[in-house]
């Protein structure tokens, strides 16, 4: 087997993506900007009536470039919060947007999924979710969702197609891409060894925090 075939197999092991199907909510994880653009496109095409965006502190200034269906000045909302605490869930549906601050730990994906799981427990009408992230990130996201998302929630996982095709074909040739993919393998190992036994504690901590953040919630209605 050639080196390129091994590289493709490793990427495919990380990036198992499901077929696109209708759901109650599209949830997109924070990080690479292409994730948000792809999720917004799915939402505008009608794959789900609700879009939930996880927005990290370094994404806030670019948020307006997404052109979501409702006007929302996330930069102004974030300006009242110290930079280290600027992570938000932005919920968009039917011309209405709601913003909630969430807290993450050093294990960002883990606590991001824990916060999303608490959101699901508050929104009991949700029965199905499309989870969007980069292809290389999906295996770790699935790992967290299996442990944290409420039982009975039907999950689909979608990779950003253009990004995934490019990385699969070229990642081992580029030093930055090699670091990205190989570090993801290491993170999965760390999550399995160190994080899974602590997931219940993470979920409880996030749940308490979510309960204290009512004052940080902001709602806007579009025209």
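The values are calculated or read from the model by the stated rules, or taken from the named source; none is laboratory data. Note that this is a predicted model, so its numbers are computed, not measured. Every residue, glycine as well, gets a Cβ built from its backbone with ideal geometry; the counts of neighbours run over all protein chains shown.
Taken as a whole, the structure places residue 57 among residues that are surrounded by fewer than 19 Cβ atoms within 10 Å (Cβ to Cβ), within 29 Å of residue 192 (Cβ to Cβ) and modelled with pLDDT of 85 or more. Taking the range 132-223 as the region of interest, the helices (runs of 4 or more DSSP H) fully inside it that hold 3 or more residues being modelled with pLDDT under 60 and closer than 20 Å to residue 30 by Cα are 199-212.
Against the numbered list (1) outside any loop (DSSP other than H, G, I, E, B); (2) without any contact (Cβ under 8 Å) to a residue 24 or more places away in the chain; (3) farther than 30 Å from residue 174 by Cα, residue 26 comes up short only at (2). Would you mind stating whether residue 120 is surrounded by 13 or more Cβ atoms within 10 Å (Cβ to Cβ), at pLDDT 90 or above and more than 29 Å from residue 10 (Cβ to Cβ)? Yes. Of the conditions (1) out of contact with any helix residue (DSSP H, G or I) (no Cβ under 8 Å at 6 or more places or on another chain); (2) surrounded by 12 or more Cβ atoms within 10 Å (Cβ to Cβ); (3) farther than 25 Å from residue 170 by Cα, residue 39 clears all except one; give me its number. So residue 39 meets the others, but not (3). Return yes when residue 72 is touching a strand residue (DSSP E or B) at 6+ places or on another chain (Cβ under 6 Å), over 26 Å from residue 166 (Cα atoms), in contact (Cβ under 8 Å) with a residue 12 or more places away in the chain and crowded, with 20+ Cβ neighbours inside 10 Å and no when it is not. So residue 72 fits the description; yes.
Could you say which residue among 35, 9, 62 is more than 16 Å from the chain's Cα centre (by Cα), touching a residue at least 24 places away in the same chain (Cβ under 8 Å) and in a helix (DSSP H, G or I)? Unique residue meeting the criteria: 62.
Selection within the range 86-96: residues that are touching a strand residue (DSSP E or B) at 6+ places or on another chain (Cβ under 7 Å) and surrounded by fewer than 19 Cβ atoms within 10 Å (Cβ to Cβ). The member of this set that is modelled with the highest pLDDT is 93.
Taken across the range 97-114, residues that are touching a strand residue (DSSP E or B) at 6+ places or on another chain (Cβ under 8 Å), touching a residue at least 12 places away in the same chain (Cβ under 8 Å) and in a helix (DSSP H, G or I) do occur, with at least one present.
In this structure, residue 115 qualifies as touching a helix residue (DSSP H, G or I) at 6+ places or on another chain (Cβ under 8 Å), at pLDDT 85 or above and either over 27 Å from residue 151 (Cβ atoms) or buried (at least 21 other Cβ atoms within 10 Å of the Cβ) (or both). The set of residues in the range 82-96 being part of a loop (DSSP other than H, G, I, E, B), farther than 24 Å from residue 147 by Cβ and touching a helix residue (DSSP H, G or I) at 6+ places or on another chain (Cβ under 8 Å) consists of 86 alone.
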